[in-house]
Amino acid sequence: MSDPTFLTIAEAAKLIKARKLSPVELAQACIAKTKRLDNVLCAYVELTEDIALAAARTAEAEIAAGGWKGPLHGIPIGLKDIYDTAGTRTTGHSRLLATRVPDEDATTVTKLRQAGSVITGKLGTFEFAIGGPSFDILTPPARNPWNPDHTTGGSSSGSGAAVAAGLVLGAMGTDTGGSIRGPSALCGLAGIKPTYGLLSRKGILPLSQSLDHAGPMCWTSEDCALMMQALAGHDPGDPASARVPIPDYAAEIGKPVQGLRIGVIRHFHETDNPATPEVLAALEEAIRVLGGLGCEVVDVTLPPLADFAAVGVTIMASEAFAIHEKTLQASPELYGEFGRDRITMGAFFTAADYVAAGYKRRELAAKVAEVMKTVDVLMTVGSPFPAQPIDAVPKYLFFRTPSLTMPFNVTGLPALCVAMGFSSTGLPLSMQLVGKAFAEPVLFGLGDAYEKATPWKSRRPAMALAA
Amino acid sequence: MPDPITKEAFAAIVADRGLTLSPERFEEFYALYPLVREIRARLRNPRGYDAEPASIFSPGAF
Amino acid sequence: MADLSVDRQLAAAGLKLPPGDVEKLAALAADLAAAAATVRRDWSYLTEPVQALRLWKK
């Protein structure tokens, strides 16, 4: 068999179920590759090799005994280091929590373990999911496998690097303003920020509770669907958890997408936060491909991107400052500069600002819901530019430039980033597909159809190919 | 838009929030404060007394 | 913690009051500061505020 670390979850699951691929050998291959590459990539805060291999041996024995649990059984999965893991450090990539060892797993981690996945360890993040890329925090920042001089984006940065390089087959990220979709876009992955409330946040270090979402990051849309199946569901431990029926997330995989109506939010990426010409050209080509698959593509208009950004930034900064107020007052020196200063911005908003953002948030959600009545999916770019050099990311980018991902944290709608080609310098480009609340299967079906109609998924980072 | 905030007034806000800033960080945040005001202004638009913020108190949901 | 004078707080909120009213409010400032302090606790990072997001009808 060729390099098993580059199998998709769907491919590996079929082989594992048929006992043609050993979970132990797969885990060993991922760990060996991590040892070969991670001194450069810095994807991990902590590789938990012994725990991973023990889980892989358990999975192998269970499957041999006829107890295959489903597509995640025996699959190596990494966790952003803000997911609590019982008995293993969860640091938020911060010196403040360098020795913190939780007693319990996050609910989503419990679900992954119950599905038989092999948890390989804790992946790098921006400090507390906001401060990065930073060299002055617990360990160095993750680097982009497509070009290690460039950032992965953040804050689920180690997750982006690890999946692209095949250190794991899937990873967990979180997304408060784009932290799943940014690294997915810049590393060439499929990554979904699900509908708010669909995945439990219990046991995940918060950045901003009313904007935080957990979600999977994988090589393909189909793999995201498979992970969602194991992860979704009501959790009484999360006060914002939705009580909704859980569908078959892979129901639309491989199905025709003919007749789907796609609304392109052209003003978002052409004028509100203009993407580079290369990204715009790739998006037009993607629109042409989707049209060729039978989708009906129309232009739509939403409120200005800056309105969504104002709401998102005010809420995120205010909630984050409330969480970190005491430690920022008492020991600001323990934070890295980016995390410390980005969170400190929240000190300058007032209570009335926070409530006004709540009013505006409801108004924006209602306006987007009106437009969503006319289409099945909204579309814009995943990132307006390919990955920047790792030392050239502005500290206050998020405050100064309206984010193309934040609108869907503000509205809570599900949003999937799908790879749509490469820049002239070989860095991934990405589109963003947005669905109606709890309509994730439509997004997975559309992303899958596009991935199968284009060659992008056949390419992997050169540094991660077998030596 | 209100008048530009004076450094003295901004220093009072910083102190009230319990923050201790180096002179360089003070200048950095002082320079950013107009951006906070721009964001703040964008959130205000006419709305009725019946408007509801997006977050609500949910008895029993904790 | 240093006090933020009442007139500065009013100015930051875009409010203007006659001097006499500012003085009356100033007398309350210490009570307000004490009230704000009472809601601060050494809670864990995983503590959730009581407000939950409700953006769509179910």
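Per-residue HN-Hα couplings for segment A:237-253, Karplus 6.51 cos²θ - 1.76 cosθ + 1.60 at θ = phi - 60°, whole Hz, x for Gly and Pro?
x, 10, x, 9, 5, 7, 9, 9, x, 9, x, 7, 5, 9, 4, 9, 5
Could you tally the net charge around A:G259, taking each other residue with its Cβ under 12 Å from the Cβ of A:G259, Lys/Arg +1 and Asp/Glu -1? Write down the numbers at each step before the final one.
Numbers: positive: A:K255, A:R261; negative: A:E296, A:D376.
Here the count lands on 0.
With only alpha-carbon atoms counted, please give the Rg and Dmax of the protein assembly as shown, in Å.
According to the Cα coordinates of the protein assembly as shown, Rg and Dmax are 23.7, 84 Å.
Find, among the chymotrypsin sites (Phe, Trp or Tyr not before Pro) in segment C:16-58, those assigned to loop by DSSP (not H, G, I, E, B) with at most 16 other beta-carbon atoms within 10 angstrom. Walk me through the intermediate numbers first.
Working: sites: C:W43, C:Y45, C:W56; in loops: C:W43, C:Y45, C:W56.
For chymotrypsin sites (Phe, Trp or Tyr not before Pro) across segment C:16-58 that sit outside H, G, I, E and B with at most 16 neighbouring Cβ atoms in 10 Å, the list reads C:W43.
Per residue, what volume in Å³ does the convex hull of the Cα atoms of segment A:124-203 enclose?
Numbers: hull volume 7.4 nm³, N = 80.
Residue-normalised Cα hull volume stands at 93 Å³.
Could you give the Stokes-Einstein D for segment A:273-429 in µm² per second, using the C-alpha Kirkwood radius, 20 °C, 1.002 mPa s?
Numbers: Rh = 17.8 Å.
D, rounded to a whole number, is 120 µm²/s.
Just to be sure I understand: if you take the accessible area of chain A alone plus chain B alone and subtract the pair, with a 1.4 Å probe, what total do you get in Å², rounded to 100? List each step's numbers first, then the result.
Working: alone 16620 and 5750 Å², together 19550 Å².
By this definition, chains A and B bury close to 2800 Å².
Grab the DSSP H runs of chain B that are 4 residues or longer, score each as -39,500 (n - 2.57), total them, divide by all residues and round the 222 nm result to the nearest 500 deg cm²/dmol. Write out the running numbers ahead of the final one.
Details: 2 runs with 31 residues, N = 62.
That comes out to -16500 deg cm²/dmol.
Suppose every Lys and Arg Cβ carries +1 and every Asp and Glu Cβ carries -1, with no other charges. What dipole size does chain A come out with about its Cα centre, to the nearest 20 debye? Don't skip to the answer; put the middle values down first.
Details: 41 positive and 46 negative charges, 105 e Å.
Dipole of chain A, to the nearest 20 debye: 500 debye.
Can you pick out the pairs among A:K80/A:K395; A:K202/A:K452; A:K326/A:K367; A:K14/A:K193 whose Cα atoms lie more than 28 Å from each other? Each step should come with its number before you reach the end.
Numbers: A:K80/A:K395 22 Å; A:K202/A:K452 35 Å; A:K326/A:K367 37 Å; A:K14/A:K193 26 Å.
The answer is A:K202/A:K452; A:K326/A:K367.
Can you send over the carbon and sulfur percentage of the accessible area for the protein assembly as shown, probe radius 1.4 Å, protein chains only?
Details: 13020 of 22680 Å².
Whole-percent figure for carbon plus sulfur exposure: 57.
Taking each residue in A:341-351, count the Cβ atoms of any other chain within 10 Å of its Cβ, then average. What number comes out?
5
Do any residues of segment C:30-48 show a loss of at least 30 square angstrom of accessible area between the isolated chain and the full protein assembly, using a 1.4 Å probe, and if so which?
Flagged in segment C:30-48: C:R40, C:Y45, C:L46, C:E48.
Chains A and C: buried accessible surface, both sides, probe 1.4 Å, rounded to 100 Å²?
On the way: alone 16620 and 6040 Å², together 20800 Å².
Counting both chains, the buried surface is close to 1900 Å².
With only alpha-carbon atoms counted, please give the Rg and Dmax of segment A:1-118, in Å.
Gyration radius and largest Cα-Cα distance of segment A:1-118: 14.8, 46 Å.
Mind pulling up the Rg/Rh value for segment A:72-152? Radius of gyration and Kirkwood radius, both on Cα. List each step's numbers first, then the result.
Details: Rg = 13.6 Å, Rh = 13.5 Å.
Taking Rh as the inverse mean 1/r over Cα pairs, Rg/Rh reads 1.01.
Rounded to the nearest 500, what is chain A's calculated 222 nm mean residue ellipticity when only DSSP H runs of at least 4 contribute -39500 (n - 2.57) each, over all residues?
Details: 14 runs with 173 residues, N = 467.
Roughly -11500 deg cm²/dmol at 222 nm, from the helical runs in chain A.
Within chain A, what percent of beta bridges assigned by DSSP are antiparallel, to the nearest 5? Mind showing how you got there, number by number?
Details: 31 of 46 bridges.
Beta bridges within chain A, antiparallel portion: roughly 65 percent.
Across the residues of A:407-420, average count of Cβ atoms on other protein chains within 10 Å?
Working: counts 0, 0, 0, 2, 3, 5, 2, 0, 0, 0, 0, 0, 0, 0.
Per-residue shielding by partner chains comes out at 1.
In peptide A:184-197, how many Cβ atoms from other protein chains are near each Cβ within 10 Å, on average?
On the way: counts 0, 0, 0, 0, 0, 0, 0, 0, 0, 0, 0, 2, 4, 6.
For peptide A:184-197, the averaged partner shielding equals 1.
Can you give the angle from 0 to 90° between the axis of helix B:7-16 and the longest principal axis of chain B, with both taken from C-alpha atoms, to the nearest 10?
Approximately 60 degrees, to the nearest ten.
Please name whichever of A:S159, A:A18, C:L28 sits farthest to the positive end of the charge dipole of the protein assembly as shown, dipole taken about the Cα centre and charges placed at Cβ: Lys and Arg +1, Asp and Glu -1.
Of the listed residues, the answer is A:A18.
Quick one: helix B:23-43 against the long Cα principal axis of chain B, what's the angle to the nearest 10°, folded into 0 to 90?
Approximately 30 degrees, to the nearest 10.
Using a 10 angstrom Cβ neighbour count of at most 16 plus a DSSP loop assignment to flag exposed chymotrypsin sites (Phe, Trp or Tyr not before Pro), which longest range of chain A is free of such sites? Spell out each step's value before the answer.
Numbers: sites that count: A:F135, A:Y396.
The segment A:136-395 is the longest one with no such site.
So if R0 is 56 Å, what FRET efficiency would A:A392 and A:A18 give, r being the distance between their Cβ atoms, rounded to the nearest 0.05?
Numbers: r = 47 Å, r/R0 = 0.84.
That pair, A:A392 with A:A18, gives E of 0.75.
For the protein assembly as shown, what does the accessible surface come to per residue with a 1.4 Å probe? Please give it in Å².
Values: 22680 Å² over 587 residues.
Solvent-accessible surface per residue comes out at 39 Å².
Which whole-Hz ³J(HN,Hα) couplings does segment C:38-49 yield from phi under the Karplus relation 6.51 cos²θ - 1.76 cosθ + 1.60, θ = phi - 60°, glycine and proline marked x?
5, 8, 8, 9, 7, 7, 7, 4, 8, 5, 9, x
Students often get this wrong: which residues of segment B:1-26 have the backbone nitrogen under 14 Å from the point 7 angstrom along Cα-to-C-beta of C:S5?
B:6-13
The values are calculated or read from the model by the stated rules, or taken from the named source; none is laboratory data. Every value quoted in this text rests on a predicted model; they were computed, and no experiment measured them. Cβ: placed from backbone, ideal geometry, glycine included. Neighbour counts: every protein chain shown. All accessible areas refer to the heavy atoms of the entire protein, side chains included, with ligands and DNA or RNA removed. Shrake-Rupley method; radii C 1.70, N 1.55, O 1.52, S 1.80 Å.
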